Every structure is written in structure tokens, then in C-alpha cells.
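Have a look at the structure below, then the notes.
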Amino acid sequence: MANTIQVEVVSAEESVYSGEAAFVVLPGESGELGIYPRHTPLITRIKPGAIRIQPSGGGEEQLIFVAGGILEVQPAIVTVLADTAIRGHDLDEAKALEAKQRAEESLRNATDKQEIAVVEGELAMLAAQLAAIRKLRKH
């Protein structure tokens, strides 16, 4: 029995991560999910946040920010289909803070409910991205 699980993280633009892992932690819709090899099959939505991947055989934990998407778990493979996925080392705190400030300004100027909902969703995604950046800095 293998003690690893294949992990695939794909965004609309590219494959962001592909490799064997000892475990994966993801921001599930109902809370954080820990996935180990031979996990029960599962399909769920994921919310904006950080995916943490512990590569098999040790090595440095990989951090990937996702802006939401779908998670499919099979006993031997974890597949993340993300709306947006950014490798931890590619995250830019200054750009994220600037985008958050623009979104906050848009929220102050928003007039209808749909516009407010869209901007609030963007703010939530940016807050999750900044939290992922801070988590990466701690490592």
C-alpha cells in the first residue's frame, strides 16, 4: 500500500502543481480539510485560501493560493480545479494590498446590490490571499 497520494492543482491558465504528496490541507467550503492517501472519495467546493502540500519523502511544504474551485478526492489522487491558483513564491503582498484598497474604494462607491456582492466577494478573496502570504512568510 502506497503512503503517498498524487496531487494535481490546475487553474484555468495552467497546471500549477503535479506530484506525489504525503498529505494535503485545503480550505474546504465547510472548513479546513486534511487529505491523506487512501482517503474516502469526495467532491466539494473549496473557498479562497491556501493549499498546503507536504511532498512525499519530506522536503519543503508547498503553498498554493486558490481563489476557489472544486476539489475531487479519490483514494490515490487529489485533483483541484481552481478558478485562480498562484504558487506561494509568486504571491505579491504589495499588489494584493493595492488591489484590496481599490476594492474597498469600489465598495464605498457601489450603488446596487449586485455590484456590492461582487466587490465583497473580491474583498474576501484578497483577504484570503493576504493571509496566505503571511502564512508563507512564517515558513
Self-check item: Kirkwood hydrodynamic radius of the chain, from inverse mean 1/r over distinct Cα pairs, in Å
Solution: 15.7
Exercise. Please give the contour-minus-distance gain from Leu123 to Ser30: 0.36 nm per residue of separation, less the Cα-Cα distance, rounded to one decimal in nm.
Key: 31.5 nm
Quiz item: Charges only on Cβ, +1 for Lys and Arg, -1 for Asp and Glu: so what's the dipole of the chain about the Cα centre, in debye to the nearest 20?
Solution: 420
Practice problem: State the Cα centre-to-centre distance between segment 110-129 and segment 73-102 in whole Å. | Solution: 17
Quiz item: Using every alpha carbon pair in segment 92-136, what percent of pairs falls into each 5 Å bin from 0 up to the bin containing the largest distance?
Solution: 5, 25, 29, 20, 12, 6, 3, 0
Practice problem: Find out how many positive minus negative residues lie around Leu81, taking Lys and Arg as positive, Asp and Glu as negative, among other residues whose Cβ is under 15 Å from that of Leu81. | Solution: -4
Self-check item: Theoretical ellipticity at 222 nm over the chain - DSSP helices of four or more residues, -39500 (n - 2.57) apiece, nearest 500
Solution: -11000 deg cm²/dmol
Quiz prompt | Magnitude of the charge dipole, segment 92-138, Cβ model with Lys/Arg +1 and Asp/Glu -1, debye to 20 | solution = 380
Quiz prompt | Efficiency of FRET between Asn109 and Arg87 - r from beta-carbon atoms, R0 35 angstrom, step 0.05 | solution = 0.60
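Just so you know, all these numbers are worked out from the coordinates, no wet-lab data involved. Keep in mind it's a predicted model, so treat the numbers as computed, not measured. A quick note on method: Cβ atoms are made from the backbone with ideal geometry, for glycine too, and the neighbour counts reach across all protein chains shown.
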